[in-house]
Amino acid sequence: MLLAGDIGGTKSRLAIFAEGGDPRAPLHESTLPSARFNGIEALIRQFLKSSGFSADRVSLAVAGPVIADRAAVTNLPWIVDVEKIRREFGLTSVRLMNDLAATARAIPLLAPADLHVLNSGEPVHGGVIAVLAPGTGLGEAFLTWDGRHFREHASEGGHADFAPADDLEIELLRAARQETGHASYETLCSGPGIGRIYRFLRDRMGRREPPGLAVRLAGATDATPIIVEEALADREGLCGEALTRFVSILGAEAGNLVLKTLATGGLYLGGGIVPRIIPFLDQKGFLQSFGRKGPMADLLCRVPVQVILDPRAALIGAADCGPASR
């Protein structure tokens, strides 16, 4: 039996798969709040206890860089260590991979119904495929074709310096640097980033905040779902403006990623936020920002862009990676 997991800063999705089973069809699956556990071992132990299954192999996708079979999980005080997990549970094998690399690995396994097309484009057969996913952080990865299979590659490009596209974003950069010290694309292209953009527009740019919304936000531990909900209800209001700016910045970084990897095979947008804001992505602002790359604009216009609708993509990739390395 294989235990596969998608370990995130907010929540972790774990599932049990039979030997040689379909990575899209687990025998049992659960989603657990990551912060309630003091480490990956406690999380796995609770999952196995509640599921009633046992496992002899584990394959985990984690939010953070994987170096020498160890990973410090971004946005969690956890160290995930392959050898420690193997000893703790008496496993025959443990595999560890970056969560966006796992998402990338799942792309060839997704069905058309799992995707929403933003730009049909003209995909190049065997071309690089790029993946960008805003969630608790901003994940990036890509796939290359070796003549037989696509191979996934992790990246921490979401932590690269944010580059403003206009005068308002220059002021946004200054505000973000004052708040965090380093303004990366993740600083603004993530769940917390939506809140930062909202507060910037309200506090620095003098945009009006409706009194009822102020009350809701004051009592919230996470402002992002409220801002997204309000934006979808009123695109012209403050929340709508914040989400429109978020989408524009996301489009700019998506174009950057495509150029740096020469992703002529397509760009896929994943993560927990993107499927909820498709009405904003369907507007022209995202693709305009995506393609605004000077002499490379024509190349960007030919790149297919799709949204991953299946929230289990990283889990599917981890499960597919579990049986054996190709």
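Per-structure values
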| read-out | value |
| --- | --- |
| Candidate set from the stretch 262-311 (those that are β-branched (Val, Ile, Thr) and part of a helix (DSSP H, G or I)); member that is nearest to residue 240 (Cα to Cα) | 277 |
| Test result for residue 316, buried (at least 22 other Cβ atoms within 10 Å of the Cβ) and in a helix (DSSP H, G or I) | yes |
| Among residues of the stretch 49-78, those that are more than 16 Å from residue 6 (Cβ to Cβ) and either surrounded by 21 or more Cβ atoms within 10 Å (Cβ to Cβ) or more than 26 Å from the chain's Cα centre (by Cα) (or both), counted | 6 |
| Residue in the stretch 71-85 that is outside any strand (DSSP E or B), at pLDDT 95 or above and farther than 19 Å from residue 8 by Cβ present | yes |
| Among the candidates 5, 90, 52, 9, residue that is of a type in the set (Gly, Ala, Ser), touching a helix residue (DSSP H, G or I) at 6+ places or on another chain (Cβ under 8 Å) and more than 17 Å from residue 321 (Cβ to Cβ) | 9 |
| Residues (surrounded by 17 or more Cβ atoms within 10 Å (Cβ to Cβ), aliphatic (A, V, I, L, M) and outside any loop (DSSP other than H, G, I, E, B)) located in the stretch 167-204 | 172, 173, 175, 176, 188, 194, 197, 201 |
| Filter result (surrounded by 19 or more Cβ atoms within 10 Å (Cβ to Cβ), over 19 Å from the mean Cα position of the chain (by Cα) and not aliphatic (A, V, I, L, M)) within the stretch 90-110 | 95 |
| Hey, residue 244 over 15 Å from the mean Cα position of the chain (by Cα) and either assigned to a loop (DSSP other than H, G, I, E, B) or over 23 Å from residue 188 (Cα atoms) (or both) or not | no |
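The values are calculated or read from the model by the stated rules, or taken from the named source; none is laboratory data. If you're wondering where the values come from, they're calculated on a predicted model, not measured in any experiment. Glycine also receives a Cβ, built like all others from the backbone with ideal geometry; neighbour counts cover every protein chain displayed.
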